[in-house]
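The values are calculated or read from the model by the stated rules, or taken from the named source; none is laboratory data. Keep in mind it's a predicted model, so treat the numbers as computed, not measured. Glycine gets a Cβ as well: all are built from the backbone with ideal geometry, and neighbour counts include every protein chain shown.
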Amino acid sequence: MKWIVPIAMAWGQTLSLPAIWKEYRFYARTHDLVAGPDGWYGQSEEGVVYRIAAGLQAETLRRGGEWSRYIPAPEGKGWLAWTSVRPLFRRSSQGPVAWVRGAEERPLPGQNWKEAAFTPDGETVVLADGQNLYAYRWATRRLDTLTRLTGLRQAGTTDWLYEEEFGFTRAFEVAPSGRYVAYLTFDNERTPVYPLLFHKLAGPSLGYPEVKPLPYPRVDEPNPLVRLYLHDLETGRQEEVWADTTGGYLPWLSWSPMGDELYFVHLTRTQNRFTLYRYEPEKGKPTAFLSDSTRGFFSWDDRNLLVWRTDQPELFYLASGSAEPEIWRYDYKGRRLAVYRVPGLRRLVGYAAGRLFFLASGKTPLEQRVGYLDVNRRQPQPAWIGTTLPWAESEIAADLLYLRESGFLTPPRETILSARQPTQRLALPDLNKTLPIPAVQVRFVQFPGARQKKRWGYLLLPADFDSTRSYPVVLTFYGGPGSQQVREEFQNLAFFWQVYLTQRGYLVACADGTGTALYPEERFAIYRKLGLLEAEDLAAFVRWLRSRPYVGKVGAFGWSYGGYMALRLAYEAPEGLAAAVAVAPVTDWRLYDSAYTERFMGLASDNAAGYQETALPPADKTLRVPVLLIHGEADDNVHVEHAYQFIERVLRAQPEAPLEWRIFPNQNHGLGRYRYRVYWEMERFFERHLR
């Protein structure tokens with residue numbers, strides 16, 4: 001067991017639910033940094049734009065109104081700035097932009113720009129509005145249309161499926177010469193459409209709900225047809241490079257930094273095999289560069305599975321298809337030059353100054369550190385960036401490394417380092433120095449999970465914890481593949497809410513089971529049976545908790561995948577669990593999107609038994625644990641149909657089942673407008689059932 005007990009602070013104020021979830025008074029902040037061609041760019045709350053370049057000094061570039069988003073131009077030729085944005089889905093937004101150069105702030109035509117990128121000379125910007133691609137040239141003030149798609153077809157930006165499950169929104173890349181634009185098109189004309197319902201609840205437009213169609217392929221349904229094109233900015237010529245006809249994916253494309261060579265990945269629909277192709281404009285068809293396959297799945301939502309070497313014609317691939325991830329090094333002829341093994345390797349960060357940077361676990365898997373390999377050495381060994389806190393994250397811009405470190409009880413600290421000499425550092429101003437951290441005790445534990453496997457969890461205890469008392473416990477988790485909740489990182493709003501519960505007389509527990517990042521050697525164990533093994537580990541944790549003399553009744557809470565786990569746990573551990581709250585849960589994987597579900601479950605046509613066994617409620621069990629089910633009616637991610645179907649199935653079999661539900665109108669997966677109400681409902685539910 002490991003204890004972390006902070007020094008009690010001179011802070012008489014107690015936390016409150018409105019202060020956390022309505023007023024957001026307790027929130028750790030980080031700097032709003034953007035990677036640029038020559039370093040890191042930042043913007044203060046007062047609208048001051050600054051740059052941190054090789055000299056590791058902050059240089060003020062502009063004073064004025066605050067921008068919602070911005071992109072620095074190469075060659076110091078200003079910025080493209082979104083003056084306001086409208087959020088769309090998880091990662092996307094849209095709004096008007098202005099090209100700022102010197103004293104001139106030039107608004108560009110149109111009001112709905114989603115993505116943009118400059119040509120390397122900084123004289124042209126390529127823009128996407130969610131349907132088509134355009135090019136605007138500073139000298140001519142002309143906006144040229146590059147594509148003319150209509151209906152449910154779009155160019156240059158990802159559709160909902162790719163944005164959500166592959167983690168990117170800009171689906172075009174400008175060549176190093178500035179001559180070519182490579183872009184993806186998404187054709188959803190044959191994709192099934194889910195009708196998102198928005199009610200007119202206020203104002204003069206009271207009336208019938210508005211239905212917004214969302215192309216959303218479920219398991220085994222037609223995926224978007226995706227094609228890769230090349231546009232020549234000099235001649236206007238368009239060329240089709242690749243067309244997927246199998247229902248697979250094109251989740252990654254990039255130009256080589258060495259010249260106009262385009263690389264892209266084609267991933268099979270089942271996501272267990274891919275090929276990286278290389279294409280040179282006007283020199284024939286794409287050729288296979290490397291391929292890999294696995295008995296499990298690849299997670300191409302990691303945007304850094306492939307990393308370029310920027311000073312030599314080489315690239316690095318994070319090979320994760322086997323038991324231990326490895327780094328494979330290739331030259332531009334497709335020859336594998338080396339294989340590197342790093343203990344606890346998690347992901348690649350990037351390359352700079354002859355060094356390949358990565359993230360790996362620390363002394364325990366609850367910690368994370370930043371390391372690098374000096375690839376100019378014949379047999380490079382891992383070296384580590386010095387940190388003072390147990391959890392570190394990192395990104396690279398030019399030859400500068402951004403480092404953010406924190407602890408479970410310590411808010412983030414941020415530093416910019418020289419990749420060449422990491423001891424040369426610039427500590428960024430601490431935005432959280434006045435953020436009060438209440439006194440609380442944290443105990444990281446290992447408990448016996450299912451199948452005699454040791455699992456990690458933590459307990460959050462009041463500062464005045466008394467082991468002779470009996471406390472109700474709120475058990476929280478997520479549990480999705482590759483996730484990690486039990487870690488020594490500051491968890492911000494969730495941390496303050498959990499501390500609030502301890503001040504209300506609860507203990508808070510958390511655990512990670514099979515398939516999560518804490519047990520990388522078992523990451524394929526959950527393949528084709530999502531939720532089953534994870535729930536067994538959580539049930540074992542409930543039994544372990546109930547064996548503690550200071551633990552009273554236990555309630556469970558989860559959101560999204562965690563909501564699915566909360567419902568499954570209610571059936572798995574009815575003797576040990578006194579209540580469960582599930583927010584926006586998946587209840588049947590056959591209702592969820594194709595890209596995520598088939599990655600971990602395979603096709604329903606090949607795994608009918610697995611889909612049936614993982615569906616809720618289980619066919620052979622009744623609901624005995626009181627459940628509160630919460631969902632947003634306009635959830636684009638996990639549709640409210642999951643909640644409705646669960647309610648119908650439970651009540652049809654058990655008309656008097658201990659099931660309550662709350663459906664919030666016009667709310668997406670995050671339930672942002674009613675976030676306070678969600679936690680208010682949850683607290684009262686636990687008060688009724690755990691006290």
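Exactly one residue out of GLY558, GLY482, GLY562 is in a helix (DSSP H, G or I) and either acidic (Asp, Glu) or within 23 Å of the chain's Cα centre (by Cα) (or both), and it is GLY562. In segment 148-159, the residues that are more than 7 Å from ASN132 (Cα to Cα) and without any contact (Cβ under 8 Å) to a residue 24 or more places away in the chain form no Cβ pair under 9 Å with any partner that is hydrophobic (A, V, I, L, M, F, W, C) and outside any loop (DSSP other than H, G, I, E, B), whether six or more places apart or across chains. Among the residues making up segment 363-392, a single one is crowded, with 19+ Cβ neighbours inside 10 Å, outside any loop (DSSP other than H, G, I, E, B) and more than 25 Å from the chain's Cα centre (by Cα): LEU373. The residues of segment 639-667 that are touching a residue at least 60 places away in the same chain (Cβ under 8 Å) and either assigned to a strand (DSSP E or B) or buried (at least 20 other Cβ atoms within 10 Å of the Cβ) (or both), listed by number, are HIS639, PHE646. Just to be sure, is PRO204 within 25 Å of ASN637 (Cβ to Cβ), in a loop (DSSP other than H, G, I, E, B) and not hydroxyl-bearing (Ser, Thr, Tyr)? No, not satisfied. Can you name every residue in segment 661-686 that is within 15 Å of GLN498 (Cα to Cα) and acidic (Asp, Glu)? Of everything in segment 661-686, just one residue is within 15 Å of GLN498 (Cα to Cα) and acidic (Asp, Glu), namely GLU683. Considered as a group, the residues in segment 88-126 that are closer than 20 Å to GLY76 by Cα and touching a helix residue (DSSP H, G or I) at 6+ places or on another chain (Cβ under 7 Å) include one that is surrounded by the fewest Cβ atoms within 10 Å (Cβ to Cβ), and that residue is ASP121. Give segment 485-519 a look and list any residue that's part of a loop (DSSP other than H, G, I, E, B), hydroxyl-bearing (Ser, Thr, Tyr) and in contact with a strand residue (DSSP E or B) (Cβ under 6 Å, 6 or more places away or on another chain), or say none. Selection gives TYR506 alone. Pairs are defined by a Cβ separation below 9 Å, a sequence spacing of at least 6 or placement on different chains, a first member in segment 221-239 that is exposed (fewer than 15 other Cβ atoms within 10 Å of the Cβ), and a second member that is assigned to a strand (DSSP E or B) and aliphatic (A, V, I, L, M); the pairs so defined are ARG237/LEU230; GLN238/LEU230; GLU239/LEU230.
Which of the residues belonging to segment 668-684 are out of contact with any strand residue (DSSP E or B) (no Cβ under 6 Å at 6 or more places or on another chain), buried (at least 18 other Cβ atoms within 10 Å of the Cβ) and assigned to a loop (DSSP other than H, G, I, E, B)? Across segment 668-684, the qualifying residue is only HIS669. For segment 628-638, the condition of being surrounded by fewer than 20 Cβ atoms within 10 Å (Cβ to Cβ) and in a helix (DSSP H, G or I) holds for none of the residues.
Check whether at least one residue in segment 163-183 is modelled with pLDDT of 95 or more, aliphatic (A, V, I, L, M) and surrounded by fewer than 21 Cβ atoms within 10 Å (Cβ to Cβ), and report yes or no. Scanning segment 163-183, I find no residue that is modelled with pLDDT of 95 or more, aliphatic (A, V, I, L, M) and surrounded by fewer than 21 Cβ atoms within 10 Å (Cβ to Cβ), so the answer is no.
Give segment 454-481 a look and list any residue that's more than 30 Å from LEU431 (Cα to Cα) and surrounded by 17 or more Cβ atoms within 10 Å (Cβ to Cβ), or say none. ARG455, TRP456, PHE465, TYR471, PRO472, VAL473, VAL474, LEU475, GLY479, GLY480, PRO481, listed by residue number. Scanning segment 184-203 for residues that are modelled with pLDDT of 95 or more and of a type in the set (D, E, K, R), we see that the one that is nearest to ASP121 (Cα to Cα) is ASP187.
Here is a yes/no grid of residues against (1) touching a strand residue (DSSP E or B) at 6+ places or on another chain (Cβ under 6 Å); (2) over 30 Å from PHE524 (Cα atoms); (3) of a type outside the set (Ser, Thr, Tyr):
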position	(1), (2), (3)
LEU389	yes, yes, yes
GLU405	yes, no, yes
LEU417	yes, yes, yes
ALA439	no, yes, yes
VAL442	yes, yes, yes
GLY449	yes, no, yes
GLY457	yes, no, yes
ASP464	no, yes, yes
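Residues are listed down the side, and each one gets a yes or a no for (1) part of a strand (DSSP E or B); (2) touching a His at 6+ places or on another chain (Cβ under 8 Å); (3) surrounded by fewer than 13 Cβ atoms within 10 Å (Cβ to Cβ); (4) basic (Lys, Arg):
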| position | (1), (2), (3), (4) |
| --- | --- |
| GLY47 | no, no, yes, no |
| ARG51 | yes, no, no, yes |
| GLU59 | yes, no, yes, no |
| GLY64 | no, no, yes, no |
| ILE71 | yes, no, no, no |
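The rows are residues; the columns are (1) of a type outside the set (Val, Ile, Thr); (2) within 21 Å of GLU572 (Cβ to Cβ).
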position: SER605; (1), (2): yes, no
position: LEU629; (1), (2): yes, yes
position: GLU633; (1), (2): yes, no
position: ALA643; (1), (2): yes, yes
position: ILE663; (1), (2): no, no
position: ASN666; (1), (2): yes, no
position: TYR679; (1), (2): yes, no
position: MET682; (1), (2): yes, yes
position: LEU690; (1), (2): yes, yes
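One residue stands out among those in segment 127-143 that are assigned to a strand (DSSP E or B) and either in contact (Cβ under 8 Å) with a residue 60 or more places away in the chain or exposed (fewer than 14 other Cβ atoms within 10 Å of the Cβ) (or both): the one that is farthest from the chain's Cα centre (by Cα), which is ARG142.
Scan segment 242-264 for residues that are in a strand (DSSP E or B), surrounded by fewer than 19 Cβ atoms within 10 Å (Cβ to Cβ) and among the aliphatic types (A, V, I, L, M) and the total you get is 1.
Counting only residues that are in contact with a strand residue (DSSP E or B) (Cβ under 6 Å, 6 or more places away or on another chain) and either outside any strand (DSSP E or B) or of a type in the set (Lys, Arg) (or both), which one in segment 89-126 is farthest from ASN637 (Cα to Cα)? Taking the candidates together, the pick is ARG106.
Output the number of residues of segment 393-410 satisfying the condition of being without any contact (Cβ under 8 Å) to a residue 60 or more places away in the chain, buried (at least 19 other Cβ atoms within 10 Å of the Cβ) and more than 20 Å from ILE437 (Cα to Cα). So the answer is 3.
Taking each residue of segment 41-63 that is without any contact (Cβ under 8 Å) to a residue 24 or more places away in the chain and within 28 Å of GLN421 (Cα to Cα) and looking for partners that are among the hydroxyl-bearing types (Ser, Thr, Tyr) and loosely packed, with under 15 Cβ neighbours inside 10 Å with beta-carbon atoms closer than 6 Å, six or more apart or interchain, yields TYR50/THR60. Taking the condition modelled with pLDDT under 95, of a type in the set (A, V, I, L, M), at negative phi and out of contact with any Leu (no Cβ under 7 Å at 6 or more places or on another chain), does ALA619 pass? Considered against the rule, which asks whether it is modelled with pLDDT under 95, of a type in the set (A, V, I, L, M), at negative phi and out of contact with any Leu (no Cβ under 7 Å at 6 or more places or on another chain), ALA619 comes out as yes.
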